[in-house]
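Contents: one structure, followed by commentary.
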Amino acid sequence: MNEAKALLLEQVRKYHQEASRPSAFVPGVTPLLPSGAVLDESDRVALVEAALEMQIAAGTSSVRFEREFARTFKLRKAHLTNSGSSANLLALTALTSPRLEDRRLRPGDEVITVAAGFPTTVNPILQNQLVPVFVDIELPTYNTTAERIAAAIGPRTRAIMIAHAMGNPFPVQEVAELAAEHGLFLIEDNCDAVGSTYRGRPTGTFGDLSTVSFYPAHHLTMGEGGCVLTNSLALARIIESLRNWGRDCWCEPGENDRCLRRFGFQFGDLPFGYDHKYIFSHVGYNLKTTDLQAALGLSQLRRLDEFGAARQRNWTRLREGLDGLPGLILPEPTPDSEPSWFGFLLTVKPDAGFTRAKLVQFLESRKIGTRLLFAGNLTRHPAYSDREYRVVGELTNSDIVTEHTFWIGVYPALTTEMIDYMVASIREFVARER
Ligand SMILES: Cc1ncc(COP(=O)(O)O)c(C=O)c1O
């Protein structure tokens, strides 16, 4: 390594040690965030090193991250994107590609999804002039079932796109079997569940495509970022084209002429030999990332198992600490799953003697951060009021979530002492209010 660089990175390590001295936890004063980035010395060094390289667009770190991340899932391809929402947009838009010929989704086709969750699991359906078909979820897994999905399949159903709720897998093997039986595509929104398994197999590996978010709240972070994963080389080519302006060329960043026919194609009405770099086979986007993000991602990836274990440990301590408490529905993992939890969900029972609002206010007053299960029932939001969609069955549990559910943190920066304070606070509140 260059001497100046080695010295600089040594200083960065020193700076990190001084700047990040942990302060003592003071109950009721130290904010206990529901989620956040967990960044260490190596992450800071990785970012500075990337800055020194001055590879400011996507480059070698991006390519390396995509390879290593795909390998982590034992899938063939991973494509970085600028967010999890963009990953979802790309995944669903890929299913509309003319390259899929008869299997291509066309305007008016239906995609089954759940009503309670994050909006950008659903938005790509509408953004592609497709029709979401909403099914309800179960409590206390906060996921839907294969039976509910089966009941929603109609003559125009072409795909299923569902998120693993708060890291808790939906019964993805059964859903994948159902999809195969009916010739439907399956997209797993794995944004909140990296590291979770269902029947011993990682979530994100069952569907035709799966997506990840690297926003700081998530299991791994790049600041902003996301990823689309697939085992299908055909779908991967479509994802790459859509991500990179819709172009047909599949050269890696900085590469030329990977196909060895850069000036040898005939496409559409273009002159023969028109530069392949500027031939567009999709109406695409630019949803790429930078090498600085990928460098941070590579550094974070080394800690995936450690992060997952910490999330599991915190979740279990909350679950055991709150067990048996009246007035609250506690979360349960989906049978046959091992979740890498995103958060700890709590639902206030109708006869609890207290409301969600009151409990949330109490926790916030003690600096215990809370969040809702994102949008709750999406169909109740103004954005969807004039959109075409179909609802199958009642959305009773989605409404319960909208009115009575919230979550608190399990992310790795929360210590045992902090988790115990969260448990004690909830216990104190319930004892006082009932
Ligand atoms: C299930 C789910 N899907 C998609 C997203 C969107 O990810 P991003 O914020 O990176 O766009 C989120 C965000 O938290 C999410 O929870």
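Ordering Leu32, Leu7, Leu296 from the fewest to the most neighbouring beta carbons within 10 Å gives Leu7, Leu32, Leu296. Taking label points 7 Å from Cα along the Cα-to-Cβ direction, Asn2 and Asp305 give a separation of 3.5 nm.
Dividing the convex hull volume of the Cα atoms of segment 224-318 by its residue count, what figure in Å³ per residue is obtained?
Each residue corresponds to 139 Å³ of Cα convex hull volume.
Just need the relative contact order of segment 4-100 here, percent rounded to a whole number, with Cα pairs under 8 Å and 6+ apart.
21 percent
Rg over Rh for segment 378-434 works out to 1.19, using Cα positions for both radii and the Kirkwood form for Rh. Hydrodynamic estimate: the Kirkwood radius of segment 30-110 over Cα pairs, inserted into Stokes-Einstein at 10 °C and 1.306 mPa s, corresponds to D of 97 µm²/s.
Quote the FRET efficiency, to the nearest 0.05, computed for Gln173 versus Asn286 with a Förster distance R0 of 25 Å and r equal to the Cβ-Cβ distance.
E(calc), rounded to 0.05, equals 0.10.
Here is the P(r) of segment 160-314: all C-alpha pair distances, binned every 10 Å from 0, give 10, 31, 30, 20, 8, 1, 0 in whole percents.
Overall, the chain carries a charge dipole of about 360 debye about its Cα centre when +1 sits on the Cβ of Lys and Arg and -1 on the Cβ of Asp and Glu, all other atoms neutral. May I ask you to sort Ile400, Ile137 by Cβ crowding, counting other Cβ atoms within 10 Å and putting the fewest first? Listed from fewest to most nearby Cβ atoms, that is Ile400, Ile137. Ordering Val283, Thr370, Pro331 by the projection of their Cα atoms onto the charge dipole of the chain, which places +1 on the Cβ of Lys and Arg and -1 on the Cβ of Asp and Glu, puts Val283 at the extreme positive end. In summary, the chain shows an alpha-carbon radius of gyration equal to 1.04 times the 2.2 N^0.38 Å reference for compact globular proteins. For segment 194-305, the dipole from Cβ point charges (+1 on Lys and Arg, -1 on Asp and Glu) about the Cα centre works out to 280 debye, to the nearest 20.
Over segment 279-400, Cα pairs under 8 Å with separation of 6+ residues give a relative contact order of 15 percent.
In a DSSP loop and with at most 13 other Cβ atoms within 10 Å, there are no GluC sites (Glu not before Pro) in segment 272-380.
Computed from point charges on the beta carbon alone (+1 for Lys and Arg, -1 for Asp and Glu), the dipole magnitude for segment 149-240 about its Cα centre is near 120 Debye. Computed from the C-beta positions of Glu417 and Arg387, the FRET efficiency with R₀ = 45 Å rounds to 0.45. Annotation: aspartates and glutamates with alpha-carbon distance below 20 angstrom to Lys277 (same-chain offsets under eight excluded): Glu240, Asp248, Glu252, Glu255, Asp257, Asp269. The mean sequence separation of alpha-carbon pairs under 8 Å and at least six residues apart, normalised by the residue count of segment 244-318, gives a relative contact order of 32 percent. Just to be sure I understand: with springs between alpha-carbon atoms less than 10 Å apart, which residue in Leu270, Leu363, Leu209 has the highest mean-square fluctuation in the Gaussian network model of the chain? Between Leu270, Leu363, Leu209, it is Leu270 that shows the largest mean-square fluctuation.
Under the rule of -39500 (n - 2.57) per DSSP H run of 4 or more residues, summed and divided by the residues of the chain, what mean residue ellipticity at 222 nm is obtained, to the nearest 500 deg cm²/dmol?
Value at 222 nm, helices only: -11500 deg cm²/dmol.
Taken together, the values in this text are just the output of simple stated rules run on the coordinates, not laboratory data. It should be emphasised that the depicted structure is a prediction, and the values quoted were computed from it without experimental measurement. Cβ atoms come from the backbone with ideal geometry, glycine included; neighbour counts cover every protein chain shown.
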